[in-house]
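Each remark here refers to the structure printed beneath this line.
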Amino acid sequence: MSFQHIGQKLNIEEIKQLGKLDDEQISVKAGRDKELFDIITGRDKRLLLIIGPCSSDNETAVLEYAHRLSKLQAEVADEIFMMMRVYTAKPRTNGDGYKGIIHQSNPNSEQNLINGIKAVRELHYRVIAETGLTTADEMLYVENLNLVDDLVSYIAVGARSVENQVHRFVSSGIDTPVGMKNPTSGNLNVMFNAIHAAQKPQTFLYDHEEVHTTGNPLAHAILRGGIDEYGVNHPNYYMDNLLSAIESYEKLKLENPFIIVDTNHDNSGKQYMEQIRIVDQILMNRKWNSKVRQYVRGFMIESYLEDGRQDEPIIFGKSITDPCLGWDKTEALVQEIHKRLKSESQAD
């Protein structure tokens with residue numbers, strides 16, 4: 001075999017001693033986890049925002065963003081519940097490019113996954129401990145889940161992973177909400193099959209053992225648009241797309257029907273300013289259609305300190321992967337969402 005062992009074997013218990021929450025922090029996190037559970041199950045009618053950088057490439061910049069987001073969360077908490085995107089592993093379509101801090105704890109450094117895993121724990125820990133927010137991450141590598149399962153409160157299965165049986169089965173054993181994105185093709189049947197598999201009990205090999213899961217009733221849909229073989233974007237946030245997804249939920253009788261719209265990626269064509277318009281259109285659709293309002297109860301928004309993206313990490317707080325809304329536009333967007341939701345609540 002052509003595998004070369006270049007690092008020491010991981011000691012999971014040793015790694016998990018890094019960035020370990022104390023009793024008070026565990027209590028704060030448990031409270032927010034309960035709020036998130038109530039939102040997904042429909043007991044809490046607030047809107048869910050999963051918001052933050054495309055990739056968490058710089059610890060200092062991410063923490064600066066987290067502190068700003070925490071302050072904003074306090075201002076809008078009556079209508080909006082925010083989870084911070086702390087995405088530490090990035091899928092690459094052809095394998096090239098920056099793959100997240102799990103590979104490089106510093107984008108300018110050489111790859112070192114042992115240092116990267118330590119940086120992942122440290123970053124999630126510091127966001128939770130210093131701001132009181134809870135975090136979302138993408139499960140790109142299922143074998144790394146047990147290195148952060150005590151810290152991360154929301155798991156996303158990305159468009160390139162959602163067809164993978166291991167991702168689906170592991171999701172069935174996770175006790176936190178798991179958002180399943182539609183694949184890059186835009187095929188919603190694939191996504192709903194993944195949700196079905198994740199919600200059902202499964203038996204499989206995990207961590208070199210045969211395991212049985214009880215199913216995850218909090219698995220749900222994330223619509224992120226698609227792209228065809230000609231490179232043409234096909235968004236799926238329009239009214240007919242939302243109603244089609246709702247129809248699938250009802251036909252399949254899945255538990256806790258919940259839809260998040262990813263406002264970037266193939267919905268925006270990676271035109272980050274489009275995120276503002278997409279949010280506006282969906283809020284209007286929620287107002288006009290009671291079913292859309294009942295099912296579509298979250299947005300995934302990519303934002304950072306500075307607008308856009310850069311190829312090299314030169315400007316502090318500017319994405320080196322997909323382009324993001326800068327902080328000023330993010331703050332204005334969240335405040336506008338809050339204003340409109342508040343107006344609707346008062347009218348009900």
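With a ≥ b ≥ c taken as the square roots of the eigenvalues of the C-alpha gyration tensor of segment 1-143, please select rounded if a/c is under 1.5 and otherwise prolate if a/b is larger than b/c or oblate if it is not? Numbers along the way, then the final one.
Details: a/c = 2.01, a/b = 1.77, b/c = 1.14.
Judged from the Cα gyration tensor, segment 1-143 comes out prolate (a/c at least 1.5, a/b above b/c).
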Taking a ≥ b ≥ c as the square roots of the eigenvalues of the Cα gyration tensor of segment 24-63, is the shape rounded (a/c under 1.5), prolate (a/b larger than b/c) or oblate?
oblate
Given q = 0.10, 0.15, 0.16 Å⁻¹, what are the Debye log10 I(q)/I(0) values for segment 13-347, with equal point scatterers placed on the Cα positions and solvent ignored?
-0.54, -1.35, -1.58
Indicate, rounded to the nearest 5 percent, the antiparallel portion of the DSSP beta bridges found entirely in segment 13-347.
20
Mind checking the full-extension length gain between residue 211 and residue 26? Use 0.36 nm per residue of separation minus the Cα-Cα distance, one decimal, nm.
63.9 nm
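Given Cα pairs under 8 Å that are at least 6 residues apart, what percent is the relative contact order of segment 13-347? Write down the numbers at each step before the final one.
Details: 655 pairs, mean separation 54.1, N = 335.
Computed value for segment 13-347: 16 percent relative contact order.
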How far is it, in nm, from the label point at residue 247 to the one at residue 63 when both lie 7 Å from their Cα along the line to the Cβ?
5.1
Select from 155, 315, 113 the residue farthest towards the positive end of the dipole of segment 13-347; place +1 on Cβ of Lys and Arg, -1 on Cβ of Asp and Glu, and compute about the Cα centre.
155
Between segment 267-304 and segment 117-133, how far is it from one alpha carbon centroid to the other, in angstrom?
28
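Rounded, prolate or oblate: which one fits segment 123-229, using the alpha carbon gyration tensor with axes a ≥ b ≥ c (rounded when a/c is under 1.5, else prolate when a/b beats b/c, else oblate)?
Numbers: a/c = 1.93, a/b = 1.19, b/c = 1.61.
Taking the square roots of the gyration eigenvalues as a ≥ b ≥ c, segment 123-229 is oblate.
If each DSSP helix of 4+ residues adds -39,500 (n - 2.57) and the sum is divided by the residues in the chain, what number results at 222 nm, nearest 500 deg cm²/dmol? Could the numbers behind the result be given before it?
Working: 11 runs with 139 residues, N = 348.
Mean residue ellipticity at 222 nm (helix-derived): -12500 deg cm²/dmol.
At a 10 angstrom cut-off on C-beta neighbours, averaged per residue, how do the peptides 175-188, 4-17 rank from highest to lowest?
Numbers: 175-188: 21.4, 4-17: 9.6.
In descending order of packing, they fall as 175-188, 4-17.
Kindly put 321, 88 in sequence by how many other C-beta atoms sit within 10 Å of each C-beta, fewest to most.
Values: 321 19, 88 28.
Arranged by neighbour count, lowest to highest, 321, 88 become 321, 88.
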Dipole magnitude of segment 13-347, debye to nearest 20 (Cβ charges: Lys/Arg +1, Asp/Glu -1, about Cα centre)
1040
Just rank 28, 166, fewest to most, by other beta-carbon atoms within 10 angstrom.
166, 28
Which one of 213, 249, 232 has its Cα pushed farthest toward the positive end of the charge dipole of segment 171-254, where Lys and Arg give +1 and Asp and Glu give -1 at the Cβ?
249
Residue 229-residue 165 FRET efficiency (beta carbon distance; Förster radius 25 Å; 0.05 resolution):
0.55
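Bear in mind that the values in this text are calculations on the coordinates, not laboratory data. Just so we're clear, the structure is a prediction, and the values are computed from it rather than from any experiment. Cβ sites come from the backbone with ideal geometry, for glycine too, and all protein chains shown count toward neighbours.
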